[in-house]
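The block underneath contains the structure these notes are about, expressed in structure tokens.
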Amino acid sequence: MNRFIYVILVLILCGCSSNDNHKPKENETLLGKWKLIEQLMDPGDGSGTFQPVSSNRVFEFFSDGSVTVNGDMCYITTEIGDETTGTYIETNESDWHDGKITPPDCSFEGAKIYYQIEGENLILWYQCIEGCGQKFIKI
């Protein structure tokens, strides 16, 4: 009987292990610097397309959940300026985006930028009445 209890105890202890599979995995593809290359401004009927832009706007994603941009993060723009830092989180809320960025101190509450990785590009979708997006390439 003691051997039976010993065997059961050993099986239970061997079956218990630390499992890090429940921790969210960092998206290594997202981390790093991304330079703006195209912008979408849709007239509101879905006919808009991404068009090349000349800009030095760069987003940088860090493993601690922070993101910076060399300019204003609250609105879609090609302009650069003082660095802004926000936060990002990966989500699986939708088929059309991989996560969302929360900009700091925007003049409107609930400001969010949704992002997706599509091939070699990062696409940021801004909140606006018509479709507003920017396409970036990793640098």
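The values are calculated or read from the model by the stated rules, or taken from the named source; none is laboratory data. Please read these numbers as outputs of a predicted model, since none were measured by experiment. A quick note on method: Cβ atoms are made from the backbone with ideal geometry, for glycine too, and the neighbour counts reach across all protein chains shown.
With respect to the stated conditions, Thr29 fails to be hydroxyl-bearing (Ser, Thr, Tyr) and at pLDDT 90 or above. Residues of region 117-127 that are surrounded by fewer than 19 Cβ atoms within 10 Å (Cβ to Cβ), touching a Phe, Trp or Tyr at 6+ places or on another chain (Cβ under 9 Å) and at pLDDT below 95: Gln127 alone.
Results for (1) without any contact (Cβ under 8 Å) to a residue 60 or more places away in the chain; (2) assigned to a loop (DSSP other than H, G, I, E, B); (3) of a type in the set (Val, Ile, Thr), shown as yes or no for each residue.
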residue: Gly81; (1), (2), (3): yes, yes, no
residue: Thr85; (1), (2), (3): yes, no, yes
residue: Cys128; (1), (2), (3): yes, yes, no
residue: Gln134; (1), (2), (3): no, no, no
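Pairs linking a residue in region 52-66 that is more than 22 Å from Glu79 (Cβ to Cβ) to a residue that is hydrophobic (A, V, I, L, M, F, W, C), with Cβ atoms under 8 Å and 6 or more positions apart or on different chains, are Phe62/Leu31; Ser63/Leu31; Gly65/Ile89. Scanning region 66-79 for residues that are farther than 20 Å from Ile117 by Cβ and either charged (D, E, K, R) or in a strand (DSSP E or B) (or both) gives Asp72, Glu79.
In region 88-114, the residue that is surrounded by the fewest Cβ atoms within 10 Å (Cβ to Cβ) out of those that are at pLDDT 90 or above, closer than 20 Å to Cys132 by Cα and touching a Pro at 6+ places or on another chain (Cβ under 9 Å) is Lys112. Here the condition is being in contact with a Phe, Trp or Tyr (Cβ under 9 Å, 6 or more places away or on another chain), acidic (Asp, Glu) and over 11 Å from Lys135 (Cα atoms); of Glu60, Glu38, Glu79, Glu83, it holds for Glu60 alone.
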